[in-house]
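Colleague: Questions regarding the structure given below will be posed in turn.
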Amino acid sequence: MYLYYFLSADHALDAFRNQELKVSKFDSLNDPFELLGGGSGERKVRDAIRNYKNRMNVKTRLLCCSKSWINPLLWSHYGDRHRGAALEIEVPDDYVVDVVYTPDRIKLTASELIDSVGAGGKDKYGKLFLETKYDGWAYENEARILFDASEVYPKGHLEFFKLTDTVKLKGIILGPLCELSEEDIEKSLPGSTSANVVSSRLAFNKYEVVHNVSKPLVVVTSSR
């Protein structure tokens with residue numbers, strides 16, 4: 001599966017140069033309802049869900065990607081207002097959690113939550129909370145890659161995941177206003193690596209960011 005991770009131009013070059021990607025904790029994401037997709041008037045249920053979020057925040061990190069790069073809002077919000085880039089990431093399908101968007105929170109009772117543990121359904125609810133988001137975020141078309149906290153390392157106040165043969169960078173889509181050159185990308189590539197470079201533009205007849213066909217896809221190879 002190919003996913004797209006939006007960031008500034010400078011950070012895109014850093015990702016290639018260092019072969020790493022910045023990961024996040026759940027409590028640092030911009031949606032305050034992360035992992036709180038369950039709704040209930042029962043205090044026991046609310047406490048259980050909050051405890052679940054706290055545990056996940058300690059033990060899990062995530063990379064939030066999109067399954068497409070054509071939505072202009074993605075570029076505006078995460079791609080440095082169209083001046084940044086979207087990294088193309090190749091990852092096995094079974095590594096990916098697809099986000100499901102809904103207008104309403106999942107209704108649960110304490111008895112349902114308790115019964116689910118005995119029936120082996122505890123993981124079922126955890127997965128449900130993990131993949132459920134308010135449908136106002138649907139434009140993100142999000143898919144998530146999860147990491148154990150032991151798989152990442154700190155750099156300053158941030159955390160990163162080292163790319164592997166399983167999660168790897170395949171290319172880069174340059175935003176409509178991105179000023180990176182092929183030479184910039186070539187210089188950032190480690191030895192014996194290459195990257196597909198796609199230039200984009202605003203569509204002429206719809207609200208989309210599309211491939212600028214006047215600039216064909218280029219495969220840039222490291223000069224080191």
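Colleague: Filter region 143-160 down to the residues that are in contact with a Phe, Trp or Tyr (Cβ under 7 Å, 6 or more places away or on another chain) and under 20 Å from Asp98 (Cα atoms), then identify the one that is surrounded by the most Cβ atoms within 10 Å (Cβ to Cβ).
Modeller: Among those that are in contact with a Phe, Trp or Tyr (Cβ under 7 Å, 6 or more places away or on another chain) and under 20 Å from Asp98 (Cα atoms), it is Ile145.
Colleague: Quick one: which of Ser214, Ser188, Ser223, Ser192 is in contact with a Ser or Thr (Cβ under 7 Å, 6 or more places away or on another chain), polar (S, T, N, Q) and more than 18 Å from His82 (Cα to Cα)?
Modeller: That would be Ser192, the only listed residue that is in contact with a Ser or Thr (Cβ under 7 Å, 6 or more places away or on another chain), polar (S, T, N, Q) and more than 18 Å from His82 (Cα to Cα).
Colleague: If the requirement is being farther than 19 Å from His77 by Cβ, of a type outside the set (S, T, N, Q) and assigned to a helix (DSSP H, G or I), which of these qualifies: Leu128, Leu169, Leu180? Give the derivation first.
Modeller: On the way: Leu169 fails: assigned to a helix (DSSP H, G or I); Leu180 fails: assigned to a helix (DSSP H, G or I).
The conditions single out Leu128.
Colleague: Same structure, new question: Could you tell me which residue of region 204-224 is modelled with the highest pLDDT, considering only residues that are surrounded by 13 or more Cβ atoms within 10 Å (Cβ to Cβ) and charged (D, E, K, R)?
Modeller: The residue in question is Glu208.
Colleague: Using beta carbons and a limit of 6 Å, which pairs, at least six apart or on different chains, have the first residue in region 54-81 and under 15 Å from Tyr207 (Cβ atoms) and the second one in a strand (DSSP E or B)?
Modeller: That search, which allows pairs on different chains as well, returns Trp69/Tyr4; Trp69/Ala86; Trp69/Ile173; Ile70/Val209; Pro72/Val209; Leu74/Phe6; Leu74/Ser66; Trp75/Val209.
Colleague: Which of the residues spanning region 126-148 are modelled with pLDDT under 95 and out of contact with any helix residue (DSSP H, G or I) (no Cβ under 8 Å at 6 or more places or on another chain)?
Modeller: First, pick out the residues of region 126-148 that are modelled with pLDDT under 95: 126-132.
Of everything in region 126-148, those that are modelled with pLDDT under 95 and out of contact with any helix residue (DSSP H, G or I) (no Cβ under 8 Å at 6 or more places or on another chain) turn out to be Lys127, Leu128, Glu131, Thr132.
Colleague: Let me ask something else about it. Tell me yes or no: at least one residue of region 167-178 is closer than 28 Å to Tyr95 by Cβ and exposed (fewer than 15 other Cβ atoms within 10 Å of the Cβ).
Modeller: So far as region 167-178 goes, yes, one or more of its residues are closer than 28 Å to Tyr95 by Cβ and exposed (fewer than 15 other Cβ atoms within 10 Å of the Cβ).
Colleague: Hey, another quick one. Would you be able to say whether some residue in region 21-37 is touching a Ser or Thr at 6+ places or on another chain (Cβ under 6 Å) and more than 14 Å from Glu159 (Cα to Cα)?
Modeller: Taking region 21-37 as the starting set, the residues that turn out to be touching a Ser or Thr at 6+ places or on another chain (Cβ under 6 Å) are 37.
Still in the running and more than 14 Å from Glu159 (Cα to Cα): 37.
Looking for residues that are touching a Ser or Thr at 6+ places or on another chain (Cβ under 6 Å) and more than 14 Å from Glu159 (Cα to Cα), one finds at least one in region 21-37, hence yes.
Colleague: Only one of Ser66, Ser40 is of a type in the set (S, T, N, Q), buried (at least 16 other Cβ atoms within 10 Å of the Cβ) and within 30 Å of Thr193 (Cα to Cα). Can you tell me which? Walk me through it before giving the result.
Modeller: Working: Ser40 fails: within 30 Å of Thr193 (Cα to Cα).
Selected residue: Ser66, the only one of Ser66, Ser40 that is of a type in the set (S, T, N, Q), buried (at least 16 other Cβ atoms within 10 Å of the Cβ) and within 30 Å of Thr193 (Cα to Cα).
The values are calculated or read from the model by the stated rules, or taken from the named source; none is laboratory data. Quick caveat, the model's predicted, so the values are computed rather than measured. Cβ atoms come from the backbone with ideal geometry, glycine included; neighbour counts cover every protein chain shown.
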